[in-house]
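Asks: Take a look at the following structure, please.
What follows draws every value from the coordinates through simple rules; no lab data is involved. Not measured: the values here are computed from a predicted model. All Cβ positions, even for glycine, are placed from backbone atoms using ideal geometry, and neighbour counts span all protein chains on display.
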Amino acid sequence: MLEVQQIVAGYGRLTALKGIDITVRKGEIVFVVGPNGAGKSTLLKAVSGLISPVSGNVSFHGKSTAGNAPERICRSGLALIPEGRHIFKTLTVQENLLVGTLVRKNSAEVRADMEMVLDTFPILRERFNGVAGHLSGGEQQQLAIARAILQRPSLLMIDEPSLGLAPLVIDQVYESLRQLNQNGLTLLIVEQSTQRIMELASRIYVLRNGNVVLEGTPDKLTDGRDLDAAYFGFVSDAA
């Protein structure tokens, strides 16, 4: 579904990604984890067209995205929830959700999908006519996910969905993501923390200093030592 091949990208003289390869297959939940400054957010920006790679290629559904504007990439079925959620805090929950439907024309499908996201995130139905800025951090994250889902993406990318949330709220957000994946949505999730991902991930990439330093399935990383070694940059006893 998504192929990132030898991507080099950055900002001016700063090279944040140094030729990385990442694959996301249909139906997977793929995590990219790593410390601050590893290049995780840069990866999502390069994939979504917000920045242009210096070299390498990104292909989605077998077609290169090179030169495509972010809105065209989004219309092709690839949605991004950036770090910080970026909801419209002065608008109501309903108005925020309707923003996610602007690229769609079938009103009957929009109504059905609106009911689906409100069933998935009951708090949004409860706060439907309330101002989005009055929602808690976890509720705003649910709103951001629901709004993205209303675009009907085939691949949803999320930048640090657990950032700033309480542990119980993180569990609720990830349970919602699990349900969405079970209903057919493919996910690429960037996280700084390695907690909670082992049970959910199809595969995990560890990014450090702009390089993929480890990639594997949870069953191959089950004791966590190799994952910790790659994340923190020390040699694992298991090596």
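Asks: Rounded, prolate or oblate: which one fits the stretch 83-130, using the alpha carbon gyration tensor with axes a ≥ b ≥ c (rounded when a/c is under 1.5, else prolate when a/b beats b/c, else oblate)? The partial results should precede the final answer.
Replies: Numbers: a/c = 1.83, a/b = 1.26, b/c = 1.46.
Oblate, since a/c reaches 1.5 and b/c is not below a/b.
Asks: Moving on to the next point. Report the full-extension gain for the segment Phe232 to Asn211: residue separation times 0.36 nm, less the Cα-Cα distance, to one decimal in nm.
Replies: Working: separation 21, 0.36 × 21 = 7.56 nm, distance 1.33 nm.
Length gained, Phe232 through Asn211: 6.2 nm.
Asks: Antiparallel as a % of all DSSP beta bridges within the chain, to the nearest 5? Intermediate values should be presented prior to the final figure.
Replies: On the way: 21 of 39 bridges.
Looking only at bridges with both residues in the chain, the antiparallel portion is about 55 percent.
Asks: Using a ≥ b ≥ c from the Cα gyration tensor of the stretch 114-176 (square roots of the eigenvalues), is it rounded, prolate or oblate, where a/c under 1.5 gives rounded and otherwise the larger of a/b and b/c decides, a/b for prolate?
Replies: Values: a/c = 1.60, a/b = 1.04, b/c = 1.53.
Note, shape of the stretch 114-176 comes out oblate.
Asks: Continuing with the same structure: Measure out, as a whole number of angstrom, how far apart the alpha-carbon centroids of the stretch 143-202 and the stretch 43-61 sit.
Replies: What the calculation gives is 21 Å, centre to centre.
Asks: By count of other Cβ within 10 Å, fewest leading, how are Arg13, Arg196 ordered?
Replies: On the way: Arg13 5, Arg196 16.
Sorted ascending by nearby Cβ count, the order is Arg13, Arg196.
Asks: How much length, in nm to one decimal, is gained on full extension between Gln94 and Asn57, taken as 0.36 nm per residue of separation minus their Cα-Cα distance? Kindly include the intermediate steps, with their values, before the conclusion.
Replies: Details: separation 37, 0.36 × 37 = 13.32 nm, distance 3.74 nm.
That works out to 9.6 nm of additional length.
Asks: Between Gln192, Gln151, Gln182, which gets the highest mean-square fluctuation from a Gaussian network model of the chain, Cα cutoff 10 Å?
Replies: Between Gln192, Gln151, Gln182, it is Gln182 that shows the largest mean-square fluctuation.
Asks: Tilt of helix 107-120 relative to the longest C-alpha principal axis of the chain, in degrees (0 to 90, nearest 10)?
Replies: Once rounded, the angle reads 70 degrees.
Asks: Normalised radius of gyration for the chain, please: alpha carbon Rg relative to 2.2 N^0.38 Å, two decimal places.
Replies: Working: Rg = 17.8 Å, N = 239, 2.2 N^0.38 = 17.6 Å.
It is 1.01.
Asks: Something else: Between Arg72, Arg203, Arg147, find the one with the highest GNM mean-square fluctuation for the chain; connect C-alpha pairs within less than 10 Å.
Replies: Of the options given, Arg72 has the highest mean-square fluctuation.
Asks: Shifting gears a bit: Students often get this wrong, so check it: of Lys40/Lys63; Lys63/Lys220; Lys45/Lys89; Lys18/Lys220; Lys40/Lys220, which have C-alpha atoms separated by over 28 Å? Spell out each step's value before the answer.
Replies: Working: Lys40/Lys63 23 Å; Lys63/Lys220 31 Å; Lys45/Lys89 23 Å; Lys18/Lys220 25 Å; Lys40/Lys220 22 Å.
Beyond 28 Å: Lys63/Lys220.
Asks: Where a ≥ b ≥ c are the square roots of the eigenvalues of the C-alpha gyration tensor, would you call the stretch 118-239 rounded, which needs a/c under 1.5, or, failing that, prolate if a/b is larger than b/c, or oblate? Write down the numbers at each step before the final one.
Replies: Working: a/c = 2.53, a/b = 2.09, b/c = 1.21.
Judged from the Cα gyration tensor, the stretch 118-239 comes out prolate (a/c at least 1.5, a/b above b/c).
Asks: Which ordering of Leu118, Leu156 is given by a fewest-first count of other beta-carbon atoms within 10 Å? Let's see the in-between values first.
Replies: On the way: Leu118 18, Leu156 22.
Ordered from fewest to most neighbouring Cβ atoms within 10 Å, Leu118, Leu156 come out as Leu118, Leu156.
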